[in-house]
Amino acid sequence: MSQSPTDTATINLTLDGDGPPYQQIERAIRNKIQSGAWPPGHRLPTEEELAAHLGVSRSPLVKVFKNLVNAKVITRRRRHGTFVSERSDNHAVIGIIDIRETIESAEKDYSFEVLERRIVKGREFDVWPDVDPGERLLWLSLVHKANGAGEVFEERLIQISVIPEVENTSFRNDLPNEWLLARLPCTRLINTVRAALPERRVAHALGLSVGEPVLVSERRSFANDDAVTWVRLSFPGYRHEFTGEFNPLLPMEN
């Protein structure tokens with residue numbers, strides 16, 4: 001599905017005349033987003049439409065869009081257009097990885113496949129110290145795909161007593177992370193990132209040999225005092241990196 005044309009009269013983007021065109025354009029777009037005039041989910045005009053509106057070539061627009069995609073300010077979705085990124089407080093503060101957005105912002109088709117779903121007891125796993133051995137849990141494994149190829153392998157446990165409706169949810173059409181965040185706030189998160197050699201089933205799903213390393217992110221999420229979910233994400237090591245930011249002007253959290 002192609003993006004329908006935008007009425008250029010509604011763009012209303014004004015440059016400030018300070019610096020090269022691409023810097024002025026990027027500032028103007030960021031101002032639109034930060035002011036709320038272009039809220040999360042808002043579809044941006046195309047590069048061609050902005051070039052026509054501003055009376056410039058496409059070259060500075062290409063650079064601006066690339067910068068904003070890399071900064072995760074906007075998200076590109078193939079055949080749909082370019083949108084202001086969804087920035088909920090949970091994602092901004094606790095750094096939950098949005099795999100769908102990461103893949104689509106790279107202009108690739110996103111899909112996922114649930115490989116396993118079953119009810120288990122806490123005693124079957126020694127990875128989640130926050131739940132009792134007799135606690136009933138939902139176990140899921142799935143693979144996130146980019147252009148049909150495995151990109152991220154996900155293993156997840158969800159505590160049924162905290163959110164009982166999860167027991168009857170298949171997750172064939174709903175991503176577990178999005179489904180949970182829509183129903184429960186994430187008020188605390190413990191995250192560990194390490195390098196590892198993948199198990200055979202993980203390597204197979206990601207198209208790797210068993211000897212190729214993966215980056216593993218293990219996360220325990222809480223809603224107030226309740227342990228909600230444990231998740232392990234495995235990323236091919238040669239295709240991914242994690243970036244953090246420290247601001248000395250802000251207090252550090254424990």
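Which residues, taken from region 194-211, are in a loop (DSSP other than H, G, I, E, B) and out of contact with any strand residue (DSSP E or B) (no Cβ under 7 Å at 6 or more places or on another chain)? Let's see the steps before the verdict.
Here is the first cut: in region 194-211, the ones in a loop (DSSP other than H, G, I, E, B) are 197-199, 207-211.
Scanning region 194-211 gives 197, 199, 209, 210, 211.
Under the condition of being within 16 Å of residue 232 (Cα to Cα) and in contact (Cβ under 8 Å) with a residue 12 or more places away in the chain, the residues counted in region 179-200 number 11.
Counting only residues that are loosely packed, with under 12 Cβ neighbours inside 10 Å and closer than 18 Å to residue 137 by Cβ, region 168-182 holds 2 of them.
Take the conditions on the phi < 0 side of the Ramachandran plot and exposed (fewer than 12 other Cβ atoms within 10 Å of the Cβ) and apply them to residue 203. Does it pass? Show your work before the answer.
Details: on the phi < 0 side of the Ramachandran plot: yes; exposed (fewer than 12 other Cβ atoms within 10 Å of the Cβ): no.
When the stated conditions are applied, residue 203 does not pass them.
Looking at region 1-96, the helices (runs of 4 or more DSSP H) lying wholly inside it that each contain 1 or more residues that are under 30 Å from residue 186 (Cβ atoms), within 24 Å of the chain's Cα centre (by Cα) and at pLDDT 85 or above sit at 21-35, 58-70. Of all residues in region 115-134, none that is within 14 Å of residue 232 (Cα to Cα) and assigned by TED's automatic domain parsing to the domain that holds residue 155 has its Cβ atom under 7 Å from the Cβ atom of a residue that is at pLDDT below 90 and not in a strand (DSSP E or B), 6 or more apart or on another chain.
Going residue by residue through region 142-158, is there one that turns out to be of a type in the set (Asp, Glu), under 24 Å from residue 122 (Cα atoms) and assigned by TED's automatic domain parsing to the domain that holds residue 125? Within region 142-158, one or more residues are of a type in the set (Asp, Glu), under 24 Å from residue 122 (Cα atoms) and assigned by TED's automatic domain parsing to the domain that holds residue 125.
What residue, among those in region 122-165 that are basic (Lys, Arg) and modelled with pLDDT of 95 or more, is surrounded by the fewest Cβ atoms within 10 Å (Cβ to Cβ)? That would be 136.
The values are calculated or read from the model by the stated rules, or taken from the named source; none is laboratory data. Since the structure is predicted, the reported quantities are computational estimates derived from the model, not experimental observations. Glycine gets a Cβ as well: all are built from the backbone with ideal geometry, and neighbour counts include every protein chain shown.
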